[in-house]
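A quick write-up on the structure given underneath.
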Amino acid sequence: MPLTEELGRFAATHSFAHIPQEAVEIARTGFIDTIATMIAGAQDDAPQILRKALSPAAGDATLYFTGERSTAPEAAWINATAGHALDYDDVGCRGHVSTVLVPAVLAEAETLNLSGRDMLAAYVAGYETWAELSRRDPGHHHVKGWHPTGIFGAIGAGAACAALRRLDPARAISAIALSASQA
């Protein structure tokens with residue numbers, strides 16, 4: 001089975017019921033850590049410049065450091081920038097996994113009015129997708145001049161959002177492919 005199809009099917013069929021308790025706790029820690037780093041980095045120049053440059057339209061997702069609301073993509077982007085601004089975010093799979101996944105999951109889940117369990121399941125779907133991609137290329141990306149967060153982050157976030165939206169396998173495969181094209 002081609003990799004994109006394998007990852008899309010995984011995202012489409014993943015659910016909270018399949019997650020071991022240890023993984024739930026790791027995901028929970030990822031959320032707590034990322035929200036803390038978003039708060040800490042909120043007033044840094046980077047997210048403020050991005051917010052000003054994007055001038056995001058009103059929407060259903062929260063910009064966590066302003067109380068303002070915007071569309072999910074812009075909220076995820078600005079919040080992730082705040083989370084990474086001070087470089088205190090977590091490291092896993094040779095990248096900053098939670099600072100990419102959590103803002104995307106929070107923004108998308110908020111617009112869809114989904115539960116914490118849905119968010120944890122989506123985080124794990126994104127994390128496992130990222131881990132699988134990282135595992136398949138054992139070379140160290142930094143040595144090659146690449147930042148794994150930029151390579152795998154878009155794909156992991158795409159898998160997480162496909163899981164949140166409960167896309168069927170064909171649409172989840174398309175979401176993974178589109179995410180890969182943005183990596």
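Do the conditions hold for Thr66, that is, is it in a loop (DSSP other than H, G, I, E, B), open to solvent by less than 60 Å² (accessible area, probe 1.4 Å), of a type in the set (Val, Ile, Thr) and at pLDDT below 90? For Thr66, the condition - in a loop (DSSP other than H, G, I, E, B), open to solvent by less than 60 Å² (accessible area, probe 1.4 Å), of a type in the set (Val, Ile, Thr) and at pLDDT below 90 - is met.
For segment 135-147, the criterion of being within 13 Å of the chain's Cα centre (by Cα) and either modelled with pLDDT of 95 or more or under 28 Å from Ser70 (Cβ atoms) (or both) is met by none of the residues.
Look at Glu74 and say whether it is of a type outside the set (Phe, Trp, Tyr), in contact with a strand residue (DSSP E or B) (Cβ under 9 Å, 6 or more places away or on another chain) and not in a loop (DSSP other than H, G, I, E, B). So Glu74 fits the description; yes. For segment 11-54, what are the residues that are over 17 Å from Gly116 (Cα atoms), assigned to a helix (DSSP H, G or I) and open to solvent by 70 Å² or more (accessible area, probe 1.4 Å)? Once the filter is applied, which keeps residues that are over 17 Å from Gly116 (Cα atoms), assigned to a helix (DSSP H, G or I) and open to solvent by 70 Å² or more (accessible area, probe 1.4 Å), segment 11-54 yields Thr13, Ile39, Asp45, Ile49, Lys52, Ala53.
The values are calculated or read from the model by the stated rules, or taken from the named source; none is laboratory data. From a predicted model like this one, the values you see are computed outputs, not experimental measurements. In this analysis, Cβ positions are derived from the backbone assuming ideal geometry, glycine residues included, and neighbour counts consider all displayed protein chains. What goes into the accessible areas is simple: the full protein's heavy atoms, side chains included, and nothing from ligands, DNA or RNA. Shrake-Rupley method; radii C 1.70, N 1.55, O 1.52, S 1.80 Å.
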